1. Could you work out the mean projected area of the convex hull around the alpha carbons of segment 294-411, in square nanometres to one decimal?
2. For the pairs LYS454/LYS487; LYS201/LYS411; LYS253/LYS281; LYS130/LYS201; LYS130/LYS253, note any where the Cα-Cα span goes beyond 26 Å.
3. Could the peptides 293-302, 417-426, 172-181 be put in order, highest first, of the mean number of other beta-carbon atoms found within 10 Å of their residues?
4. For segment 151-194, go through all pairs of different Cα atoms, get the mean of 1/r, take its inverse, and jot down that Kirkwood value in Å.
5. Relative to the first principal axis of the alpha-carbon coordinates of the chain, what is the inclination of helix 4-25, with its axis defined by its Cα atoms, in degrees from 0 to 90 and to the nearest 10?
6. Decide, for segment 213-286, between rounded, prolate and oblate: order the square roots of the alpha carbon gyration tensor eigenvalues as a ≥ b ≥ c, take rounded if a/c falls under 1.5, and otherwise choose prolate if a/b is larger than b/c, else oblate.
7. When the Cα centres of segment 331-355 and segment 45-99 are compared, how far apart do they sit, in Å?
8. Straight-line reach only, C-alpha to C-alpha below 19 angstrom: list the aspartates and glutamates that LYS140 could link to, leaving out same-chain residues fewer than 8 apart.
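We did not get these values from a lab; they are worked out from the coordinates using the rules stated. Small disclaimer: the values here were computed from a predicted structure and weren't measured. Cβ coordinates were reconstructed from backbone atoms using ideal geometry, including for glycine residues, and neighbour counts include every protein chain displayed.
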Amino acid sequence: MKNKMQMVLACVLIMFVVVACGQTSSPSVPSSPAAVTAVIVPEVEAEVQADPGASGVGDSYYPGFGNGGYDVTHYTLDIAVTDVSSGKLTAITTIEATATQDLLSFNLDFIGFKIVSITVNDVTADYSRKGQELVITPLKPLLNGQSFTTVVRYTGSPEVMQSVALPVQTGWIIAENRSFVLSEPDGSAGFYPVNDHPLDKATYTFHVTVPEPFEVAANGVLTETLDNGDTTTFTFELRDPMASYLATINIDKFEVEEMESEGGIPIRNYYSSDLPEEARKPFARQGEMLDYFSEIYGQYPFEVYGSMVMNTEFESALENQTLSIYGIDMIDYDDMEGTELTVAHELAHQWFGDSVSVADWSDIWLNEGFATYSEGLWTEHLDGREALDDWVKFQYAEVATYPEYYTSPGKPPTDELFNGGVYVWGGLTLHALRLEIGDEAFFETLKTYFALYKNGNATTDNFIAVAEHVSGKELNEFFDLWLYSEKIPPIPEMGLGVE
Ligand code: ARG
Ligand code: ZN
């Protein structure tokens, strides 16, 4: 080397050769076993053998209800209502779910509206619609066990929906200048995309924006009221899992009444502000009812309870989770004691129907029979055993005198799910069970059944198994007779029977 300049040049030259050699030789001269494998077996994206999720969850009465292949954990309903009397709204439903199989596509139940966009994990997804089935195909298949988030943006007004299970309107219902949501069993798909079957329970967040001076009453706890100037946004959190048909959003001008049961259960009631004061009377004892049913069934399963009474006609009441709703026609001013029994009925559904839900709609007597017998138990609590016996005799005479209105509770007609039989005959089935196994085993059965299946689903067989286990008696014959006979069986202990 003659000078510094030559030394630098030499070094650069050597470095160039080393780097160049490294570059040219490495692809053909593997330097590690992993690289050998990579050369011999070229890496290919693993092929997922994914199938479409089922378009129904497998209900024996309504095979199209719900969907298969995933499990929803949380819904966030973000709904901005621009006009209450037409129901015009813009909405974003966010669905957090977990795949329970590899999924090429999956279904949601959704009726009406114009869909603006759908994303799965933030990527635009393809979709198609047929009847109530919304089929979503994500860009890449979802893997069994994978969590995924679906966001559906849509606008429009809810369609008028007729239930397939009974001849009434369900879903989002507009009554002139107010609206309410009454969905059992299939109305929810009429205002949000949903896995619409009680088997897939989830928690909910509602953000509902309404024009001033309207207010919102929805399920759960009101956590925020945001004044946006011309509109108000109400946020409700429902933190215990809920069956989709119990989701409710009611819009009106309300008076809110807050109280607490002696046992400490918070109550908030919503009354239309133009409702006569007298209409509140049958709701006065809800605190006592909550404490009483907590004592006999097990602790009230939710954070809060209350009723929404709207100054419009519903033709029914509904036990929406944490917030039962009533139309003004449910209040019978000439029979306020009878109306109080309806209040006890919807309230008792929070245990049986809402917390313990049917796994199959054919088992609806597990909801209605239990809620109806709860009316009898409330009567007994107030006025003693004789009053209960009178109640039983009256109900029995109804079924015996008008058999055409009462089918056997274990198999109601699919197009008349809420037949009188699932209520009255179903309730009497529980009274007959009480006489069959005795008070102690009977109340122990109700408690055990609730403890085992709360926050979940149960079948008639599950209930029978608990009753048999607790009483030590074989009861299949008893239940066959009571749930599936053509005629209501006799209750010889009370001298009741049809010839
Ligand atoms: N579960 C309600 C009750 O307690 C009846 C609901 C009937 N469904 C309806 N869409 N009206 O009696
Ligand atoms: Zn009911």
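1. Mean projected area for segment 294-411: 8.4 nm², to one decimal.
2. Cα-Cα > 26 Å for LYS454/LYS487; LYS130/LYS253; rest within.
3. On the way: 293-302: 18.4, 417-426: 24.5, 172-181: 20.0.
Per-residue mean Cβ counts within 10 Å order the peptides as 417-426, 172-181, 293-302.
4. 11.0
5. 50
6. Oblate, since a/c reaches 1.5 and b/c is not below a/b.
7. 31
8. Straight-distance partners of LYS140: GLU43, GLU45, GLU47, ASP51, ASP71, GLU96, ASP102, ASP122, ASP126.
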